[in-house]
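Everything on this sheet refers to the single structure shown next.
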Amino acid sequence: MRVLYYTAGVAGSGRIVQGLSIYNAYARQGLQAEFCLLSSSPLAHLADRLGVPHAEIPLEDERQLSQQNWPASKLYQFLASYRPDILLVDLLWLPLYHFIRELPGKKVFLCRQINARYFDIDLPSGDINFRPEDYDLLLATEPWDPPFPMRPINPIIIRNREEILSRREALERLELPEGSPCCLFAFTGAAEDVAGVKQMFAYLGEEGYRMVYGSDYPAGLFPIMDYYHAFDYLVCGAGYNAFWEAVYLEKPAYFIPRPRHFEDQYRRVAECQEHYFEKNGADQLVELLAGL
C-alpha cells in the first residue's frame, strides 16, 4: 500500500513534523506501507534525520493548476506517477481542486483549527469552494467547530510518551547537569520579537532556572520533543505542534500566540490548554486508514 502525505510546508517545519508523526505511527504499529512525504518545503531535509522518504516539487500558482493547465503541472505529474493508494491532504486542498476526482485511491483531508474563509477562495478566474465530497474521510485533528462535518481525532504528535528520552538521557545529550531546574526557550520569529520575549523571561534565570535556547544548538534539537523530559518549564509559541506536544506531555508551559492569516493561536491557548488526551492522534489516524 502506498501512502502519500501532501502539504505545503513553506513557512516552517510544522507541516513536515505532521508527516513524520504519521510515518512514525505506521512504523510503531508495524503496518506495511510505502510512505512518502510530498511538499515544497525548504525544511523537508528534516525527514532525512528520521529516515523518512520525501519528495519536493516547486510551488505552482493558479495558472499552472487551472482547469486548462493542470495536466502539465508538476503536482499532477508526480501524483499520477506515484499513484498513492491513500492520499493524505494536510489542509492544502486548493492545488488539487481541478483534478482530485481524476486521481485513483482514497483521499483523506486533515484539518486543524482554521478560519472558515479558508474554504472559499476568491481567484481572478472566479470563486473556488472546498468540496467535502471529494474526500473519503475528513478529520479534525484538534478541537474546533469546522464548517462541515469532520470526524474528530486527537492531536497528531511526533512521538508517544514512552518513546522520548528519559530525563537522564536528555540531560546528558544536552550536556546539562542534574539538580537545577531547566527551562526550554523554543520561541521563534523575527529577531526583534525573539529578543523581546527573551527579555520578558530573563527573570527565570534569576529564579534559578538554567535557560536553554533551542537556537543555540547548531544542528538544532530535532525532534525537540525528544528532549522535553529535561525541562521543568517551556516557553514556546502556540502553533499546532509546540502547543499539543506540551499538552500531551502535561508540561508546564507559557504559550506565546501570534497572529496568523487563517489560524487563531489565541483561541487555541484560551480554549485548549486543559484538553488532555491519552492516545496519540497519529495512531488513531493510521488505524482509520487501515479500515478504508
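Summed over the stretch 163-208, residues that are touching a residue at least 60 places away in the same chain (Cβ under 8 Å), part of a helix (DSSP H, G or I) and not charged (D, E, K, R) total 1.
Starting from the stretch 272-283, keep only residues that are within 16 Å of Y23 (Cα to Cα), then list their pairs with residues that are assigned to a helix (DSSP H, G or I) whose Cβ atoms are within a distance under 6 Å, requiring at least 6 positions of separation or different chains. Correct list of pairs: A282/S21; A282/I22; A282/A25; D283/A25. Just one of the listed residues (L4, L65, L92, L88) is in contact (Cβ under 8 Å) with a residue 60 or more places away in the chain and part of a loop (DSSP other than H, G, I, E, B), namely L92.
Take the residues of the stretch 157-179 that are surrounded by fewer than 15 Cβ atoms within 10 Å (Cβ to Cβ) and not charged (D, E, K, R): which is modelled with the highest pLDDT? Reasoning before the result, please.
Step one: filter the stretch 157-179 for residues surrounded by fewer than 15 Cβ atoms within 10 Å (Cβ to Cβ), giving 161-163, 166, 168-169, 172-173, 175, 177-179.
So of that shortlist, the ones also not charged (D, E, K, R) come out as 166, 177, 179.
Numbers: S166: 97, P177: 90, G179: 86.
Applying the filter and picking the extreme gives S166.
Listed here are the residues, each with its yes/no results for (1) at pLDDT below 95; (2) under 30 Å from E163 (Cβ atoms); (3) outside the structural domain of P147 (by TED's automatic domain parsing).
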site	(1), (2), (3)
Y6	no, yes, no
A11	yes, yes, no
G30	yes, yes, no
R49	yes, yes, no
H54	no, yes, no
V89	no, yes, no
F99	no, no, no
V108	no, yes, no
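A Cβ distance below 6 Å, combined with a sequence gap of six or more or placement on separate chains, defines the contacts here; from the stretch 223-241, residues that are on the phi > 0 side of the Ramachandran plot and not assigned by TED's automatic domain parsing to the domain that holds E178 reach no residue that is of a type outside the set (S, T, N, Q) and buried (at least 21 other Cβ atoms within 10 Å of the Cβ). A single entry from R83, R2 fulfils the requirement of being on the phi > 0 side of the Ramachandran plot and exposed (fewer than 15 other Cβ atoms within 10 Å of the Cβ): R83. Looking only at the stretch 146-156, decide whether some residue is under 29 Å from L204 (Cα atoms) and surrounded by 12 or more Cβ atoms within 10 Å (Cβ to Cβ). No, that holds for no residue.
Go through the stretch 152-162 and give me each residue that's under 19 Å from the mean Cα position of the chain (by Cα) and without any contact (Cβ under 8 Å) to a residue 60 or more places away in the chain.
Step one: of the stretch 152-162, the residues under 19 Å from the mean Cα position of the chain (by Cα) are 152-161.
The answer is P152, and nothing else.
The values are calculated or read from the model by the stated rules, or taken from the named source; none is laboratory data. Remember, predicted model here, so these are calculated numbers, not experimental data. Ideal geometry is used to build each Cβ from the backbone, glycine not excepted, and the neighbour counts take in all protein chains shown.
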